[in-house]
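A short worksheet on the structure shown next.
Just so it is clear, none of the values below were taken in a lab; they were calculated from the coordinates. Owing to the predicted nature of the structure, the values given are computational and were not obtained by experimental measurement. Neighbour counts run over all protein chains shown; Cβ positions are idealised from the backbone, glycine included.
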Amino acid sequence: MTENQQVSGSYWLQTAPGGRHPALAGDLDVDVAVIGAGIAGLCTARELARAGKSVAVLEAGRVAAGVTGHTTAKVTALHTLVYDKLRRTRGSEGARLYARSQSEAIEHTARVVEELGVDCEWERRSAYTYVRDADRVEELRAEAGAAREAGLPASFVTETGLPFPVAGAVEVRDQVQFHPRKYLLALADDIVAHGGRIHEDTTVLGLEEGTPCRLSTADGATVTARDVVVATHYPVFDRALLFTRLSPRRELVVAGPLPAGRDPGGMYITPEENTRSVRTAPYGEDGTRRFLVVTGEHFTPGTGDTRALFDRLSAWARTHFPDVELTHSWATQDNDPTDTVPLVGPLHPGARHTYVATGFGGWGMSGGMMAGLLLTAQITGRECAWSGLYDPRRLASAVREAPSFLKHQAQVARHFVGDRLRPAPPAEALPPGEGAVVRTEGGRL
């Protein structure tokens with residue numbers, strides 16, 4: 001990784017700094033409190049505000065500056081190899097509901113972009129899942145068939161716009177890529193315009209469920225709300241032990257300008273090579289360049305040599321796109337649900353007025369948009385055909401996912417013990433862009 005790439009930060013955040021929203025300064029009473037101002041939280045808040053609910057979004061940091069601000073921002077219903085697995089584990093109807101929910105959320109968002117006149121680099125492109133290993137072609141054919149059966153315009157192809165040959169790919173046309181922060185800043189403005197409130201730098205520490213619910217903040221304020229949505233990526237309140245069904249995964253991103261003539265003309269991902277994801281974005285005023293975004297080298301948090309992984313990802317990008325000037329690098333983190341399907345709905349089995357959205361598994365753009373529609377339907381008392389599919393209380397899949405669950409929890413236990421027994425280095429020894437348990441004057445941090 002070159003010097004100017006040293007975890008320079010998210011391109012999306014740097015190119016859309018946005019304004020600020022005030023911290024919560026006193027007690028508040030609203031219909032719905034949404035914790036988290038990422039894509040799931042803001043999409044939910046916007047739909048609720050438009051439905052006439054009084055809404056407050058409480059964000060510990062800044063709007064769309066967490067995981068959402070570090071995404072690759074591919075908005076597609078083609079999620080690598082999900083449909084063949086869903087057909088086997090949740091049946092053909094489950095796969096159809098998944099495809100329908102993701103596609104309807106994308107098209108709803110397209111209407112919002114047009115209605116609000118948002119300049120968020122919204123571009124229609126084909127999405128591809130590809131392999132280069134001929135031994136995996138049948139896997140791709142099965143996925144194309146399952147996706148087509150689920151209702152997507154999917155096809156198996158052997159030609160793509162990538163600068164190297166592929167053995168096969170699943171193509172779904174008319175998908176979307178965009179600038180996530182530009183879109184969500186506009187969504188935040190629309191929430192406020194419809195009577196909602198957004199409070200940045202407001203950390204929620206406590207949740208008392210009831211009728212109504214009460215939230216307590218780090219600054220001593222109390223928010224009273226009939227309904228509460230926990231949309232904090234990893235649930236800050238986890239009374240159903242959802243963490244046992246989520247596997248955290250870290251991924252790296254390298255990016256930079258590329259001559260427009262080298263644009264591969266689509267959105268790409270492969271399950272091979274420790275994942276490679278490729279897309280471009282508009283760049284500059286004259287149209288001669290695009291901005292290449294390459295993601296990959298996923299690893300379990302706390303286990304990878306990030307410098308070596310960044311170097312390997314950068315080398316891959318330069319090998320296949322030799323004209324790219326890599327200027328940016330950052331990291332993102334996803335929560336993979338152990339049964340593939342996100343967890344969106346009631347926070348726990350006894351919940352009446354608390355809801356959660358988590359476990360989008362690397363597909364949080366369409367997933368967050370879907371969650372906004374689903375949670376709004378539940379809170380406003382409307383039926384939603386997808387509720388059962390995404391219900392966090394689902395039991396049948398919990399039984400099926402038990403082996404994955406046990407493997408994941410063994411890893412958690414190993415890190416929990418190891419982090420406490422291993423000598424901690426001093427904080428000042430930590431290189432830029434790295435994280436670790438360190439030693440400070442106050443103890444281990």
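Some points to look at:
- Most fluctuating residue given options P165, P248, P346, as computed from a GNM of the chain linking Cα atoms under 10 Å: P165
- Restriction of the GluC sites (Glu not before Pro) in the range 95-148 to DSSP coil positions whose beta-carbon has at most 11 other beta-carbons within 10 angstrom yields no sites.
- Whole-Å distance, taken between Cα centres, linking the range 337-387 and the range 31-52: 13
- On the beta carbon distance between V192 and D119, with R0 = 25 Å, the FRET formula returns roughly 0.85.
- Value of [θ]222 nm, deg cm²/dmol, for the chain, DSSP H segments ≥ 4, -39500 (n - 2.57) each, nearest 500: -9500 deg cm²/dmol
- The chain: C-alpha gyration tensor shape, a/c 1.5 cut-off, then a/b vs b/c: rounded
- Placing +1 on each Lys and Arg Cβ and -1 on each Asp and Glu Cβ, with no other charges, gives the chain a dipole about its Cα centre of roughly 900 debye.
- The GluC sites (Glu not before Pro) of the range 144-215 that DSSP puts in a loop, and whose beta carbon has at most 16 other beta carbons within 10 Å, are E159.
- Given their separation in residues at 0.36 nm each and the Cα-Cα distance between them, R20 and T203 gain 64.3 nm when the chain is fully extended.
- For the pair D133 and D311, label points projected 7 Å from Cα toward Cβ lie 2.5 nm apart.
- The range 251-316 versus the range 72-112: alpha-carbon centroid distance in Å: 23
- A simple count of charges around A65, restricted to other residues whose Cβ falls under 12 Å of its Cβ and scoring Lys, Arg +1 and Asp, Glu -1, yields 0.
- Cleavage-rule hits, trypsin sites (Lys or Arg not before Pro), the range 259-342, DSSP coil, Cβ neighbours within 10 Å at most 14: none
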